[in-house]
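Some notes on the structure that comes next.
The values are calculated or read from the model by the stated rules, or taken from the named source; none is laboratory data. Since the model is a prediction, treat every value here as computed from it, not as a measurement. Cβ placement follows ideal geometry from the backbone for every residue including glycine, while neighbour counts extend to all protein chains displayed. Side chains are part of the model used for accessible areas, which takes the heavy atoms of the whole protein and leaves out ligands, DNA and RNA. Shrake-Rupley method; radii C 1.70, N 1.55, O 1.52, S 1.80 Å.
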Amino acid sequence: MRGRHGKELAGKIAFVTGSGRGLGNTMALRLAELGAHVAVHDLSPTETAKYGEAKSLADVARQIETMGVKSAGVTGNIGDKAAVARMKQEIEAKLGEVEILVNCAGGDIGATGNKPKPNNALDISFEDIKVLTDNNLIGTMLVCQAFVPPMVKKGSGSVINIASAAAHLGCSPEVVYSTLKAAVVHYTRCLAKELYHDGVRINAVSPGPTKTARFQATRVTDPDKMDAAKKSFDRYAEPSEIADAVAFLAGPRSKFINGQVIRVDGGLTLFPG
Ligand SMILES: NC(=O)c1ccc[n+]([C@@H]2O[C@H](COP(=O)([O-])OP(=O)(O)OC[C@H]3O[C@@H](n4cnc5c(N)ncnc54)[C@H](O)[C@@H]3O)[C@@H](O)[C@H]2O)c1
């Protein structure tokens, strides 16, 4: 896909939550490559360094600016309504109103800053349930509530919510995380229904297990699944493979795709729905 679509997002203003590192970072760079001005975000200025990726969010914004587009770095908890309102103001002051929103912040990181332990349905702590809900569902909703109304006013915009293959399967462990990602998929459909006449598209991408730094640091990985060049689809995804689906949904090639979920998992979830 790369290279054939030139600067199809030239001049567009994008915001990718959780783009200081991991998948969000690859998505932000991909949108910038296609010509969008991209606001990047993380929980704190140095959250980017937690798994050895960028030194700081400011470095990420500078990297984007070297691609010939504008950038802004904003920090704050997406589960905090006041923080989301402040970040919106900061982005609008520097770049203007957001036209492409990617809700990527989230993950199976609980109250202690690591994976919840225990992480099954009946034993996970209430604190972990609350943090996971803020990070994955409430945060996505609050960011949509803040950034989508100007899109509705303009009559155009594209929102991409990042769910997970885990949203489509019964899972244990990671029960609460999977449940919240399933809710993100359904929220995507409901918001698309709500905005059916308003020109704003809302879609979701469900990645399969993907080789981000956090993914590799927080589990024992299977060496047989690391090779992206192997013929079998029984492997981990590359972050760029997820970012390509996001770029497609952000731009004009997907202009009649709305309320859908694209499962980028090599066929891990081969069933309807
Ligand atoms: N890597 C995978 O295998 C995989 C698979 C399916 C879905 N996903 C989803 O993709 C997204 C990115 O995952 P990743 O692997 O890049 O992980 P990651 O931990 O590297 O990135 C997540 C980012 O979101 C930020 N974040 C989390 N909660 C936040 C909050 N409340 N407020 C502000 N920022 C917050 C983190 O600081 C981080 O920058 C997540 O939503 C995750 O659930 C990942």
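Exceeding 26 Å between C-alpha atoms, which entries from my cross-link table qualify? They are K81/K117; K193/K255; K12/K193; K88/K193. All intermediate terms of the calculation are to be shown ahead of the outcome.
Working: K81/K117 28 Å; K193/K255 16 Å; K12/K193 24 Å; K88/K193 24 Å.
Correct reply: K81/K117.
Just to be sure I understand the curve: with the Debye formula and one point per C-alpha of region 13-264, what is log10 I(q)/I(0) at q = 0.09, 0.13, 0.17 Å⁻¹?
Results for region 13-264 at q = 0.09, 0.13, 0.17 Å⁻¹ read -0.35, -0.77, -1.38.
Given the whole protein assembly as supplied and a 1.4 Å probe, what does the accessible area of H168 come to in Å², nearest 10?
40
Express in Å², to the nearest 10, the accessible area of V131 obtained by rolling a 1.4 Å probe over the protein heavy atoms while all chains stay in place.
Roll a 1.4 Å probe over it and V131 shows about 40 Å².
GNM on the chain, C-alpha springs below 10 Å: top fluctuator among E238, E194, E47?
Highest fluctuation of the listed residues: E194.
Can you tell me the accessible area per residue over region 82-190, all protein chains present, probe 1.4 angstrom, in square angstrom?
42
What residues have an amide H closer than 5 Å to that of T210, excluding those fewer than 5 places away on the same chain, when H is modeled at 1.01 Å from N in the peptide plane?
For T210, whose amide H was placed from the backbone, the distant partners under 5 Å are A237.
What do you reckon, how do Y236, Y187 stack up by accessible area (1.4 Å probe), largest on top?
Y187, Y236
Summarise the accessible area of the chain (1.4 Å probe, protein heavy atoms) by the percent that is carbon and sulfur.
Heavy-atom surface of the chain belonging to carbon and sulfur, 1.4 Å probe: 56 percent.
Region 29-122: D in µm²/s via Stokes-Einstein (Kirkwood Rh, Cα pairs, 4 °C, 1.567 mPa s)?
88
Using a ≥ b ≥ c from the Cα gyration tensor of region 136-273 (square roots of the eigenvalues), is it rounded, prolate or oblate, where a/c under 1.5 gives rounded and otherwise the larger of a/b and b/c decides, a/b for prolate?
prolate
Does region 200-273 classify as rounded, prolate or oblate by the C-alpha gyration tensor (a ≥ b ≥ c root eigenvalues; a/c under 1.5 gives rounded; else a/b over b/c gives prolate, otherwise oblate)?
Prolate is the answer for region 200-273, as a/c is 1.5 or above and a/b outweighs b/c.
Expressed as cubic angstrom per residue, what is the convex hull volume of the alpha carbon set of region 155-200? Working shown, then result.
Numbers: hull volume 2.6 nm³, N = 46.
Hull volume over Cα atoms, normalised by residue count, gives 56 Å³.
For the chain, set up a Gaussian network in which alpha carbons nearer than 10 Å are linked by springs, and say which option among V143, V69, V220 fluctuates the most.
V220
Within a Cβ distance under 9 Å of T212, other residues only, what is the Lys/Arg minus Asp/Glu net charge?
+2
Collect residues whose amide H, placed 1.01 Å from N in the peptide plane, falls under 5 Å from the amide H of A204; neighbours closer than 5 in sequence don't count.
Amide H neighbours of A204: N161, Q260, V261, I262.
Would you look at the GNM of the chain, springs on alpha carbons closer than 10 Å, and say which of L169, L101, L23 moves the most?
Maximum among the listed residues: L169.
Could you give the spread of the C-alpha atoms of region 64-199 along their three principal axes, from largest to smallest, in whole angstroms?
Over region 64-199, Cα extents along the principal axes are 45, 33, 29 Å.
In the neighborhood of C171, defined by Cβ-to-Cβ distances under 13 Å, what is the net charge if each Lys or Arg adds +1 and each Asp or Glu adds -1?
Values: positive: K181; negative: D108, E174.
Result for the local shell: -1.
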